[in-house]
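Notes follow once the structure below has been shown.
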Amino acid sequence: MVDCVVRNWEGVEVGQANLDLKVAKEANASHIVHRALVRQMNNARQGTACAKTRSEVRGGGRKPWRQKGTGRARAGSIRSPLWRGGGVIFGPKPRDYSQKMNRKERRLALRTALQSRTADLVVVEEFVEQLPRPKTKDLVAAMSRWGVGAESKVLLILPEKQENVYLSGRNIARMRICLADSINVYDILNADYIVTTPAALEKIQEVYGD
């Protein structure tokens with residue numbers, strides 16, 4: 001169990017929240033998180049890269065010059081990989097990069113990754129009422145009061161969809177907003193700070209706690 005300080009909209013400490021998740025053993029933690037990260041990044045690849053071989057390039061059916069007597073190197077096709085405009089040797093072809101990982105392992109990796117970032121976890125009281133209308137400037141100012149740097153990569157985890165918070169944060173270049181029931185390993189590890197609320201922490205423990 002990890003105790004987290006809860007701050008209000010002004011950045012003042014007002015209480016504590018708990019994060020209690022079952023995580024992987026220390027000896028296996030980095031391995032399982034790495035597997036989950038590699039799986040997620042590979043599954044995001046389209047795998048549509050394609051280069052033509054010499055048999056697929058248009059043209060090249062006629063021998064460019066006779067075999068002997070010209071003084072030039074013998075050549076059978078203008079679409080040889082050695083020629084400009086020719087085919088590609090061992091070029092990429094469409095393929096499926098996706099990897100499988102057991103559901104229990106994926107959830108364990110997610111919990112382990114989140115628990116490892118508690119030092120960079122910023123828990124804030126529900127602040128949706130502080131944004132009666134979308135205002136990016138107000139959200140940026142509040143983040144500075146919470147100790148989050150202006151140039152930092154921020155992952156904002158919300159318990160549910162909050163339109164004004166989303167509209168206020170979508171123009172912040174290095175901020176990513178997601179819901180508590182749809183977090184992923186890459187976003188957790190990629191962020192410099194993770195900003196969330198007590199309600200979102202409860203939702204995470206409800207959804208991912210086994």
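Look through ILE183, ILE188, ILE177, ILE172 and report the one residue that is aliphatic (A, V, I, L, M) and over 15 Å from the mean Cα position of the chain (by Cα). Spell out how you get there, then give the answer.
Details: ILE183 fails: over 15 Å from the mean Cα position of the chain (by Cα); ILE188 fails: over 15 Å from the mean Cα position of the chain (by Cα); ILE177 fails: over 15 Å from the mean Cα position of the chain (by Cα).
From the options ILE183, ILE188, ILE177, ILE172, the qualifying one is ILE172.
Within the option set ARG39, ARG74, being outside any loop (DSSP other than H, G, I, E, B) and either over 29 Å from TYR186 (Cβ atoms) or open to solvent by less than 90 Å² (accessible area, probe 1.4 Å) (or both) holds for one residue only, ARG39.
Determine whether ARG62 is open to solvent by 90 Å² or more (accessible area, probe 1.4 Å), in a loop (DSSP other than H, G, I, E, B), in contact with a Ser or Thr (Cβ under 9 Å, 6 or more places away or on another chain) and not acidic (Asp, Glu). It is true that ARG62 is open to solvent by 90 Å² or more (accessible area, probe 1.4 Å), in a loop (DSSP other than H, G, I, E, B), in contact with a Ser or Thr (Cβ under 9 Å, 6 or more places away or on another chain) and not acidic (Asp, Glu).
Across region 173-184, a minimum of one residue is classified as part of a helix (DSSP H, G or I) and not charged (D, E, K, R). The residue pairs whose first member lies in region 76-98 and is closer than 16 Å to GLN46 by Cβ, whose second member is open to solvent by 70 Å² or more (accessible area, probe 1.4 Å), and whose beta carbons are closer than 7 Å, counting only pairs six or more residues apart or on different chains, are PRO92/CYS50; LYS93/CYS50; PRO94/THR48; PRO94/CYS50; TYR97/ARG45. Please go through region 113-142 and give me each residue that is open to solvent by 20 Å² or more (accessible area, probe 1.4 Å), part of a helix (DSSP H, G or I) and over 23 Å from LEU37 (Cα atoms), ordered by number. Correct list: VAL128, GLU129, GLN130, THR136, LYS137, ASP138, VAL140, ALA141. Look through ARG58, ARG117 and report the one residue that is among the charged types (D, E, K, R) and without any contact (Cβ under 8 Å) to a residue 40 or more places away in the chain. Testing whether each residue is among the charged types (D, E, K, R) and without any contact (Cβ under 8 Å) to a residue 40 or more places away in the chain leaves just ARG58.
The values are calculated or read from the model by the stated rules, or taken from the named source; none is laboratory data. Note that the structure is predicted; figures quoted are calculated from it, not measured. Cβ atoms come from the backbone with ideal geometry, glycine included; neighbour counts cover every protein chain shown. Accessible surface is based on the protein model in full, side chains and every heavy atom, while ligands, DNA and RNA are left aside. Shrake-Rupley method; radii C 1.70, N 1.55, O 1.52, S 1.80 Å.
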